[in-house]
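For reference, the structure is listed below as structure tokens.
The values are calculated or read from the model by the stated rules, or taken from the named source; none is laboratory data. A quick note: this is a predicted structure, and the numbers were derived from the prediction, not measured. Positions of Cβ are generated from backbone atoms using ideal geometry, with glycine treated the same way; all protein chains shown enter the neighbour counts. Heavy atoms of the whole protein, side chains included, go into the accessibility calculation; ligands, DNA and RNA do not. Shrake-Rupley method; radii C 1.70, N 1.55, O 1.52, S 1.80 Å.
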Amino acid sequence: MGRKSLSPGVLGLGVLLLAAASGAAEPPSCESVRKVFQLRQLGSLRGIPESPRAGLDLQVCTSKNPTCCTKKMEERYQTAVKQDIQQVLQTASATLKFLISRNAAAFQENFEMLIRLAENYTSTLFCSTYRNMAAEATTHVREFFTDVGLFLFGTDVSTQEFVNRFFDTLFPAVYKHVINPSLTDISVEYAECLRLVRRDIRPFGNIPKKAIGQMERSLLPSRTFLQALNLGIEVINTTDHLHFSKDCSRALLRMQYCPHCQGLTLSKPCMGYCLNVIRGCLANVAEVDLHWRGYIQSLEKLSNAMSGTYNIEHVLLNFHSLVNDALEQARINGPELSEQVNKVCGPPVRKPAMSPGCSFDQNIQGLKMFSRDSEETLANRRKEFISHLRLYRAFYGGLADQLCGNELAAADGLPCWNGEDVVRSYTHRVVGSGIKAQSANPEVKVKGTDPVINQIIDKLKHIIQLLQGKSFPKYHKWDLQQTGSGGGVHEEISGDCDDEDGCAGSGSGEIKRVLKSVDWMPDKTNLSDVKQIHQTNDDSTSDTTGRAYTTMADCMTVMLIILVTLFLVLW
């Protein structure tokens, strides 16, 4: 017996059931459309048909069936769909944007507090050890750390220049109070001469050069890290506010609002149909994917490097120790330096002066310290941030899938809109992401590249180069001979020295403290945090005042007596 064909009545019932599942194929009235139009605040209800009519004036939402749309409504829908898709894009990127922007602000605040703390340490050194010159020195210290902040936060200043400027301006005060420690003053002209000859007579040895190396190696990566975070925010802002092509806008309108014209206000596009439309509209954004992955990978590598070689905490918080070594070297070589200065600048014109005292506020607030094992160190915060950011490596590559899967498309198995009617499934080919894949897209025609997206890709390429250190200065061998505080013994500093290991020279101890992120509480900086114990070659100790050099001096005196005695015997 042959198969029985379905009667026209059964077929009609099936069509009605399908229509009921998604709305109405030919609505007897346009009331539901009017309600949604009003609810979405798309415009005035004037001109909206009470019942379906022929839509001969429509350009996108064309249909053989009567329609509830007019040309004016279609224009309103066109505006609304652009706003809708941008809202969906912003919602999709909100968590990522918040992650980066919150950490960018937190790291900047961390660095600001770190600079303030380092300035506090250095000024406290002068107030506690070189009190007579503290008033002059703290002014130069403040200017120096202002330059540090300017460089760190993106201003075009030279680390070499501001480090040299610090030691230049410091030398007249050192000459007056350390090399010739009598309570006298010198003329402005003489002080200017001292400032100009500092680089020639090198009263601080190679310590300024060493400071330049340490500052560049620590500040530049941190500066690049902050720049990268700010660029990440810029990338997201750019892709959140895309300019959609005319063809894309028409495709979005057809997908989102054209079903309303047929009374299908609750219908959603089929998944395959949604993917084709959104992948076509985001074809240029998908090109960001490769560079976004490289950006996150390079950011992670730099973050790891900053915990070792480029440790900004160590360099800034121990800068005062380097300054102390420089002053000790100038004190030890004082007679020679005075002779050199007299040859160039002449003898100083002296006049009695009052000791100015210390103007530095040792009770500076907001600088609470935390130990190295604190969970809130800069290194731990970077590590935590990168671990969260790594989850968004494929964000741009899978953005279209995320939008359709979470917001726009109908769930699997439900009736869905295919651009023309409500169906059970989408039958056209689904294309991949990116510009090349769109040549076979049945829903959207992609013509050329977006110059705005190309510009943001170029910025990502540039920051990746910076993050990978291709623009960082290279330091192979420093070969810095310097006299430290250990009784005038010279040291060789080689390229093997790592900032994490100190590179402080002269056997200096080091302060290793870390700022707690964001939520510091006001506290007083204790002078005991600044005063350090220096280990000399014969295991005797001296503090940062440089007064305990007796052991080495005694040894040299004994050797001199022996040499003189031997000379007299031979004579």
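A few points about this structure:
- Hypothetical label at residue 143: residues of the range 204-226 whose amide nitrogen lies under 16 Å (7 Å Cα-Cβ projection): none
- Per residue accessible area in Å² of the range 145-286, where ligands, DNA and RNA are left out and the probe is 1.4 Å: 33 Å²
- Total lysine pairs in the range 45-199 at Cα distances under 25 Å, for residues eight or more apart or on different chains: 4.
- Sorting 225-234, 124-133 by average packing, meaning the other beta carbons within 10 Å per residue, from highest down gives 124-133, 225-234.
- Heavy-atom accessible area for residue 453, with the other protein chains in place and a 1.4 Å probe, reaches approximately 0 Å².
- In nm, spacing of pseudo-spin labels at residue 50 and residue 344 (7 Å Cα→C-beta vector): 9.9 nm
- Spin-label model distance (nm) - residue 423 vs residue 78, 7 Å beyond Cα toward Cβ: 2.6 nm
- With a cut-off of 19 Å on the backbone N, the residues of the range 222-263 near the modelled label site 7 Å out from residue 29 along Cα-Cβ are 260-263.
- Residue-level accessible surface for residue 71, protein heavy atoms, 1.4 Å, Å²: 90 Å²
- Rg followed by Dmax, in Å, when the range 168-245 is reduced to its Cα trace: 23.5, 78
- Heavy-atom accessible area for residue 156, with the other protein chains in place and a 1.4 Å probe, reaches approximately 150 Å².
- Protection proxy ranking, peptides 44-51, 445-452, average beta carbon neighbours within 10 Å, highest first: 445-452, 44-51
- Using a cutoff of 8 angstrom between alpha carbon atoms and counting only pairs six or more residues apart, the relative contact order for the range 48-193 works out to 12 percent.
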